[in-house]
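*Asks:* Below is a structure I'd like to ask you about.
Laboratory data are not the source of any read-out in this text; all were calculated from the coordinates shown. These numbers come from a predicted model, not from an experiment. Cβ atoms come from the backbone with ideal geometry, glycine included; neighbour counts cover every protein chain shown.
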Amino acid sequence: MTSTTLTRESGTSYTPSGNALAWWFSDVWQMTLRNVRHVLRSPELVMFSLVQPVMFILLFTYGFGGAIDVGGERYAQFLLPGILVQMALYGSAAGTTIGIAAEMHEGLMDRFRSMPMSRTAVLIGRTLSEIFRNVGVAGVTVGVGLLVGFRFRNGLVPALAGLLLLLLFGYAVSWFAAYLGLLVRSAEAAQAVGGVWIFPFTLISSAFVPTGTMPGWLEAYAAHSPMTAAVNALRALFTGGPATSYVLQTVAWSVGLIAVFAPLAVRKYGSR
């Protein structure tokens, strides 16, 4: 074992300045792997994450799709981008909020703080792990969508760009969720806080119905919601149509969320 490692493990100092960045990346990667393994070792969590998009797709396609006018388009084609964004929010927001609150309550976060690792790495590892979960959920969602009639009509490159944009948006929301998880005092409170805002946020948007069918006062909000921007961006990239404005809006919302809530979450984590 090298002297550098001994110093790091002793907790008396962090790392030599020349290796600080390498150790930081190592901390982030280890924390990311730790959170991914935790999810994989919870079969009920994996099952619920994969069943949920299937349930929503089948429910909306065959239960409500015939009653919703989307301008002559197949409802499955209209619906899938909305389900993708919704599932990314459920995983990133609810999962991160509850996970962080539970670990704070159990004392794991105190243990992490006592270890010679970067405090930012703990939260970055948590938020990055949600990307891996969102990749798996998106794969199942797209697979079921193809079975019910959805098609990527705009080519491979726009489709991949849309999926990357989805992961960026989900990652940005996970920082907001991390901050919420650090604010609450218990996992039970986190479950309520982490889920209660998602329903109106996803429903008051273009995810399931055209915003033009809403009352004027509600349409004014829905048309400018970050949820609507993300859904419309994916819809344009997958099916075709003007995408630049919606993509830029989604990127702007994502960067803004990270810029605001990442520092707030790190500061709150250090003060708890």
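*Asks:* About its Cα centre, what dipole magnitude does the chain give when the only charges are +1 on Lys and Arg Cβ and -1 on Asp and Glu Cβ, stated in debye to the nearest 20?
*Replies:* Result for the chain is approximately 440 debye, rounded to the nearest 20.
*Asks:* Let me ask something additional. Contact order normalised by length for the chain, with contacts defined as Cα pairs under 8 Å and 6 or more residues apart; what percent is it?
*Replies:* Relative contact order for the chain comes out at 25 percent.
*Asks:* How many angstrom separate the Cα center of segment 228-272 from the Cα center of segment 96-154?
*Replies:* The distance from the Cα centre of segment 228-272 to that of segment 96-154 comes to 16 Å.
*Asks:* Identify, among Y171, I83, A265, the residue whose Cα sits farthest towards the positive end of the charge dipole of the chain, taking +1 on the Cβ of Lys and Arg and -1 on the Cβ of Asp and Glu, with the dipole about the Cα centre.
*Replies:* A265
*Asks:* Using alpha carbons only, what's the Rg to Rh ratio of segment 29-93 with Rh from Kirkwood?
*Replies:* With Rh from the inverse mean 1/r over Cα pairs, Rg/Rh is 1.14.
*Asks:* Let a ≥ b ≥ c be the square roots of the eigenvalues of the Cα gyration tensor of segment 184-272; is it rounded (a/c under 1.5), or, if not, prolate (a/b larger than b/c) or oblate?
*Replies:* Because a/c hits 1.5 or more and a/b fails to exceed b/c, segment 184-272 counts as oblate.
*Asks:* Moving to a separate point now. Restricting things to alpha carbons, tell me how big segment 72-128 is in terms of Rg and Dmax, in Å.
*Replies:* Computed over the Cα atoms of segment 72-128, radius of gyration and Dmax are 17.4, 59 Å.
*Asks:* Among rounded, prolate and oblate, which fits segment 134-227 when a ≥ b ≥ c are the square roots of the eigenvalues of its C-alpha gyration tensor, a/c under 1.5 means rounded, and a/b larger than b/c means prolate?
*Replies:* Note, shape of segment 134-227 comes out oblate.
*Asks:* Here is a follow-up. Which distance in nm do the two modelled labels at V260 and E106 give, with both placed 7 Å along the Cα-to-Cβ direction?
*Replies:* Here the modelled spin labels are 3.1 nm apart.
*Asks:* For segment 174-213, max minus min Cα coordinate along each principal axis, in Å, sorted largest first?
*Replies:* Result for segment 174-213: principal-axis Cα extents of 40, 18, 10 Å.
*Asks:* Under a Cβ-only charge scheme (Lys and Arg +1, Asp and Glu -1), can you give me the dipole magnitude of segment 19-97 about the Cα centre, in debye to the nearest 20?
*Replies:* 260
*Asks:* Considering only G66, M227, M115, whose Cα is most displaced toward the positive end of the charge dipole of the chain, charges sitting on Cβ of Lys, Arg (+1) and Asp, Glu (-1)?
*Replies:* It is M115, whose Cα lies furthest towards the positive end.
*Asks:* OK, next. Can you give me the relative contact order of segment 95-220 as a percent, contacts being Cα pairs under 8 Å and 6 or more apart?
*Replies:* It rounds to 44 percent for segment 95-220.
*Asks:* Where in the chain are the DSSP H helices whose C-alpha atoms run 27 Å or more along the long axis and whose mean Kyte hydropathy is at least 1.6?
*Replies:* Passing helices, by number: 156-183.
*Asks:* Given only helices, namely DSSP H runs of n ≥ 4 each adding -39500 (n - 2.57), what is the per-residue ellipticity at 222 nm of the chain, to the nearest 500 deg cm²/dmol?
*Replies:* Result for the chain: -24000 deg cm²/dmol, rounded to the nearest 500.
*Asks:* Once you compute Rg and the Kirkwood Rh from C-alpha atoms, what is the Rg to Rh ratio for the chain?
*Replies:* Reported Rg/Rh, Kirkwood definition of Rh: 1.02.
*Asks:* Moving on to the next point. Residue separation times 0.36 nm, minus the C-alpha to C-alpha distance between A252 and M55: what's the value?
*Replies:* Working it through step by step, the gained length comes to 67.8 nm.
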